[in-house]
Amino acid sequence: MNISPEQWVASHALSPIDIDCVFTVMLKILDGKCKMSGQGKEVMEKLYDLLKGQAGHHLDAQVHLLIGQARASQISEALRMQIYECRLLAETTISRPVMKAFKARLRADGVIGSGVAI
């Protein structure tokens with residue numbers, strides 16, 4: 001990692017779709033489907049915390065409520081299913097090329113390591 005999440009957010013103009021990508025990865029982390037290393041997950045959680053007050057393109061306040069509930073306590077099976085369904089909806093809303101380009105940008109900018117799967 002060459003740049004901190006804080007530095008990256010401060011030095012890059014992020015589009016609402018970019019913000020949706022961060023929110024979607026956070027949902028993947030919470031439902032256990034994210035393949036990132038522990039360090040990569042920590043970076044994405046920091047990015048989420050830095051960006052959660054900004055508006056995404058497709059994802060709304062309901063996403064933040066789910067994420068907040070999941071982070072505040074043990075995730076129940078019912079909450080895990082809500083997160084899973086929300087993640088699936090987010091992943092179908094954001095095209096694969098857009099998500100892949102966002103991930104590539106994070107790697108190219110040194111925010112996450114080059115071998116990190118998301």
**Net +/- balance of residues flanking residue 103 in space, Cβ distance below 12 Å, scoring K and R +1, D and E -1** = +4
**Request:** Please report the relative contact order for the chain, taking Cα pairs under 8 Å with a sequence separation of at least 6, and give it as a percent rounded to a whole number.
**Result:** 44
**Message:** For the chain, compute the orientation-averaged projected area of the C-alpha convex hull (one quarter of its surface), in nm².
**Reply:** 6.6
**Prompt:** In what sequence, highest mean first, do 89-100, 56-67 appear when ranked by Cβ atoms within 10 angstrom?
**Reply:** 56-67, 89-100
**Linear extension gain, residue 42 paired with residue 76, 0.36 nm per residue minus alpha-carbon span** = 10.1 nm
**Prompt:** Taking K and R as +1 and D and E as -1, what net charge do the other residues with C-beta under 15 Å from the C-beta of residue 81 add up to?
**Reply:** +1
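Read the figures in this text as sums done on the coordinates, not as results from a lab. Just so we're clear, the structure is a prediction, and the values are computed from it rather than from any experiment. Glycine also receives a Cβ, built like all others from the backbone with ideal geometry; neighbour counts cover every protein chain displayed.
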